[in-house]
Structures are given as structure tokens and as C-alpha cells.
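Read the structure below first, then the notes.
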Amino acid sequence: MTAPLDGGAEHRPPAGMVGSLGPLFRLVKDQRIAFLIVGAINTVVGTGWFVLFELLLGPTFGYMVSLLCAHVAAVLCAFVLYRRFVFRVTGHLWLDLARFELVNLTSLGINAVCLPLLVEVGHLAPIPAQLLITLVTMLVSFFGHRGFSFRRSPARGDAPAVPSDPGATR
């Protein structure tokens with residue numbers, strides 16, 4: 001379990017995590033805040049992907065194809081950002097990516113079920129309903145990515161990465 005980084009003199013990354021916490025952690029010492037920052041960046045990037053694919057493919061293939069292409073591109077971008085700047089893990093690239101997509105599909109499923117319920121049954125407007133759902137899916141994503149997508153198990157022989165910070169200890 002990754003504890004929030006409190007800016008103390010000694011930072012010990014969990015097993016499988018890189019010793020140096022990288023450029024984002026030089027500014028932000030709490031993994032949860034880093035997750036929110038990267039999530040905000042990813043939201044902008046994902047929206048950009050949708051706009052791009054809608055302009056290029058939408059007129060011919062429709063917005064659902066644009067949405068599918070944008071999902072794939074956004075997940076790949078988010079995976080790199082979260083892996084590099086928030087969770088700082090090494091190894092298991094394809095396993096991490098598969099797990100990452102499962103967590104994202106879980107959030108998408110929660111969204112697909114809850115949005116119609118809040119709008120049609122709860123009589124909320126779509127935007128406030130989506131904002132409420134985003135709060136839930138954000139928590140699902142954080143704990144899912146931390147505990148599943150980028151989890152490292154010493155029992156399976158996952159060794160920690162070599163720290164790039166000579167002062168870091170295990």
C-alpha cells in the first residue's frame with residue numbers, strides 16, 4: 001500500500017516502484033494529488049482525441065467510431081502518464097496495460113449504468129449527474145490503478161526497480 005508522501009527526509013517507494021519519484025513528485029508530494037493532476041491532463045488529452053477523431057472519422061463512420069478510437073488513444077496516453085508520473089512502476093508492461101484497461105472499462109460500465117439512472121429516474125440534468133458519477137469513478141480509478149493495475153507483489157518475485165536517487169533506501 002502506498003502511503004501519501006509527506007515531504008519527509010526519506011522516501012521509500014513500494015516494491016516495484018522506481019526509487020526517484022520523478023518530476024511531478026518534486027512539485028507534488030502526495031500521490032493522490034498527482035493522480036488528480038494527471039487525471040485532469042488526461043481529461044483534456046482524451047477530449048482532444050475525441051475531437052480529432054470526430055473531425056477525421058466522424059463524418060464518414062459516425063461519432064461512436066470516434067468515441068471508440070478516442071477511448072483507445074486516451075487509455076494509451078493515460079497509461080503512460082499514470083505509470084510514469086503517479087505510480088512509477090517498472091516491468092510487467094502488458095499485464096499492467098491489460099489491468100489498466102479493465103479498471104477503465106469498470107469505470108465506463110459504472111458510468112453507463114449510473115448516468116441513465118440519475119437522469120431518467122433521479123431527474124438530474126446530465127451534466128450534474130455526470131459530475132457526481134465522476135467523483136465515484138475517480139475513486140474507483142485511483143484505488144483500482146493503485147491496487148490492481150500497477151500492483152507489485154514481492155511474493156511473486158517482483159523486485160523493486162533500482163533507485164535512480166543514490167540517497168534512496170529500501
Given 0.36 nm per residue, what is the gain on full extension from Val80 to Leu57 after removing their alpha carbon distance, in nm? 5.8 nm
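From the square roots a ≥ b ≥ c of the eigenvalues of the alpha-carbon gyration tensor of the range 42-137, which class results: rounded (a/c under 1.5), prolate (a/b over b/c), or oblate?
Numbers: a/c = 2.23, a/b = 1.28, b/c = 1.74.
In terms of gyration-tensor shape, oblate.
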Proxy exposure order for His123, His92 (fewest C-beta within 10 Å first) is His123, His92
Three-way shape call for the range 91-150 based on the alpha-carbon gyration tensor, with the a/c threshold at 1.5: prolate
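Computed from the coordinates by the stated procedures, all read-outs in this text should not be read as laboratory data. Since the structure is predicted, the reported quantities are computational estimates derived from the model, not experimental observations. Note that each Cβ is placed from the backbone with ideal geometry, even for glycine, and that neighbours are counted across all protein chains shown.
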